[in-house]
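Have a look at the structure below, then the notes.
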Amino acid sequence: MFSPDDGLAAASRWFDGDAGPGCDNLAVTKAELHELIDALPAGSLEGAGVFLRGIIEGPIDPDQTWFWTPAWQAGEREADRQLVDGQGVVHHGTEEFVAHLESSQADDAA
C-alpha cells in the first residue's frame, strides 16, 4: 500500500544534491515519478500537469528542467527579492553590461 511518506522519500531522493546542468543525480524512475505525483499537496496537480505537458509538448526543453528544481527556484526567488529591495544591477544591453564589468574591475584594481 502506498503512503504519502513513500512519495516524500522519493521526492527527497530526487531533490538531494546539487541541481544544475548535467547533474546525473536527478534521474527518476517512472515509479518514483508516480510516487511524487501521489505525494503532491492538494491544489498542486494543475501546476504539475502544466509543467509535465510543457516538457512533453514544449515549450520546456527537457535539458533545461534543472531550472525548475527547488534549489534553483529558491535562487530565482532570492534574486527577485534582491531586485525589489534595490540590490543588484539590471543591464539593458551587452554594451551596458560590459561597461559595468570594466568599471567594476577598474574599481577593484584601484
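The values are calculated or read from the model by the stated rules, or taken from the named source; none is laboratory data. Keep in mind it's a predicted model, so treat the numbers as computed, not measured. FYI the Cβ positions are ideal-geometry reconstructions off the backbone, even for glycines, and counts take in every protein chain you see.
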Out of the residues in the range 84-104 that are outside any loop (DSSP other than H, G, I, E, B) and surrounded by fewer than 10 Cβ atoms within 10 Å (Cβ to Cβ), which is farthest from the chain's Cα centre (by Cα)?
Glu95
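Would you mention how many residues in the range 37-78 are of a type in the set (A, V, I, L, M, F, W, C), part of a loop (DSSP other than H, G, I, E, B) and either surrounded by 11 or more Cβ atoms within 10 Å (Cβ to Cβ) or outside the structural domain of Ala27 (by TED's automatic domain parsing) (or both)?
Within the range 37-78, residues that are of a type in the set (A, V, I, L, M, F, W, C), part of a loop (DSSP other than H, G, I, E, B) and either surrounded by 11 or more Cβ atoms within 10 Å (Cβ to Cβ) or outside the structural domain of Ala27 (by TED's automatic domain parsing) (or both) number 3.
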Going by what's in this entry, would Asp18 be described as assigned to a loop (DSSP other than H, G, I, E, B) and either among the acidic types (Asp, Glu) or at pLDDT 85 or above (or both)?
yes
Give all pairs with beta carbons closer than 6 Å in which a residue from the range 38-56 that is modelled with pLDDT of 85 or more meets a residue that is surrounded by 11 or more Cβ atoms within 10 Å (Cβ to Cβ); count only pairs at least 6 apart in sequence or on separate chains.
Asp38/Gly7; Ala39/Pro4; Ala39/Gly7; Ala39/Leu8; Leu40/Ala48
